Amino acid sequence: MRQDPIVIQPYDPAWPSSFATQKAALESELTDVLVAPIQHIGSTSVPGLAAKPIIDMLALVDDYAAFTEAPQRLEHLSWVAAPEPGDADRRTWSLCFPSVERRTHHLHVVEQASPAWRDWVLFRDYLRAHPDDARRYARLKHSLAATDARDRPAYRAGKAPVIAELMDLARDWQDRQNDDDLNPG
């Protein structure tokens, strides 16, 4: 179990290039299993949003089982398997760089058929387009981390209601965009 403290930092403009470096390395090793380019998700992918300094990345595969051998293939790049509770049930893989304890990057590998990845991308896109909501989310993260920087379950639980609210807003926003696309002018 991780024991490092939850530290929320101001947005770092270097995060996108740090993502791009690891994306290039991973994609060159995983061309046979990826079905789409790896995406930058999570708070570090939203310009201006304070975040834990861990780059969340999303990789899509056609089939969970097709990724079984991939973690061993990535060890020479300092990527290590970092299973999370529920990964197997959700048919996802979690890997970290350069180690579980000192991760700077977290790769979420998800089946393309899973609806979960769409929510991660929608959440990112919504926060990018709605800076007031992104700032509100950042204030919450700062507050939760200040309450107990070592209680990760409490931190996640404290964010859950706001994330659910923002996801509802994001889905409404997406529906309005889709309506606008179908009914221009």
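Please give me, ordered by residue number, the GluC sites (Glu not before Pro) of the range 1-92 that lie in loop per DSSP and have at most 13 other Cβ atoms within 10 Å. The partial results should precede the final answer.
Details: sites: GLU27, GLU29, GLU69, GLU75; in loops: GLU69.
Taking the range 1-92 and a limit of 13 other Cβ atoms within 10 Å, the loop GluC sites (Glu not before Pro) found are GLU69.
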Nitroxide proxy distance, nm - points 7 Å out along Cα→Cβ at GLU165 and VAL35: 3.5 nm
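When a/c reaches 1.5 or more, the comparison of a/b and b/c decides; with that in mind, is the range 126-185 rounded, prolate or oblate per its Cα gyration tensor? List each step's numbers first, then the result.
Working: a/c = 5.39, a/b = 2.83, b/c = 1.90.
Prolate, since a/c reaches 1.5 and a/b exceeds b/c.
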Gain in span if fully extended, TYR11 to ALA25, counting 0.36 nm per residue against the direct Cα distance: 2.7 nm
In the range 115-185, trypsin sites (Lys or Arg not before Pro) in a DSSP loop with at most 14 other beta-carbon atoms within 10 Å: ARG150
C-alpha center-to-center spacing [the range 14-58, the range 84-138] in angstrom: 10 Å
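Would you work out if the range 65-112 is rounded, prolate or oblate? Take a ≥ b ≥ c from the square roots of the eigenvalues of the alpha-carbon gyration tensor; rounded if a/c is under 1.5, else prolate when a/b is larger than b/c, oblate otherwise.
Numbers: a/c = 2.24, a/b = 1.37, b/c = 1.64.
Verdict is oblate for the range 65-112.
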Calculated SAXS-style log₁₀ I(q)/I(0) at q = 0.10, 0.13, 0.25 Å⁻¹ - the range 53-143, Debye, Cα scatterers: -0.32, -0.52, -1.24
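To the nearest 20 debye, what charge dipole does the chain have about its Cα centre, counting +1 at the Cβ of each Lys and Arg and -1 at the Cβ of each Asp and Glu?
On the way: 21 positive and 28 negative charges, 166 e Å.
Dipole magnitude for the chain comes out near 800 debye.
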Residue-averaged [θ]222 nm for the chain, counting only DSSP H segments that reach four residues, each worth -39500 (n - 2.57): -15000 deg cm²/dmol
Dipole of the range 143-185, positive direction: furthest Cα of ALA164, GLN177, PRO153, with charges on the beta-carbon: PRO153
Prolate/oblate/rounded label for the range 98-140 (Cα gyration tensor, a/c 1.5): oblate
Sulfur and carbon atoms: percent of accessible area, the range 1-69 [1.4 Å]: 56 percent
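Keeping all protein chains in place, calculate the accessible area per residue for the chain (probe 1.4 angstrom), answer in Å². Walk me through the numbers before you get to the answer.
Details: 9990 Å² over 185 residues.
With all protein chains present, the chain gives 54 Å² per residue.
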Segment GLN72-ARG118, length gained on full extension (0.36 nm per residue, minus Cα span): 13.9 nm
Which labelled figure in (i) 18.6, 52; (ii) 16.9, 54; (iii) 14.8, 43 is Rg and Dmax of the Cα atoms in Å, once derived from the coordinates: (ii)
Radius, Kirkwood style, for the range 1-61 when every pair of distinct Cα atoms is counted (Å): 12.6 Å
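The values are calculated or read from the model by the stated rules, or taken from the named source; none is laboratory data. Treat the numbers as computed from the prediction; the structure is a model and nothing was measured. Cβ: placed from backbone, ideal geometry, glycine included. Neighbour counts: every protein chain shown. In case anyone asks, the SASA skips ligands and DNA or RNA and just uses the protein heavy atoms, side chains included. Shrake-Rupley method; radii C 1.70, N 1.55, O 1.52, S 1.80 Å.
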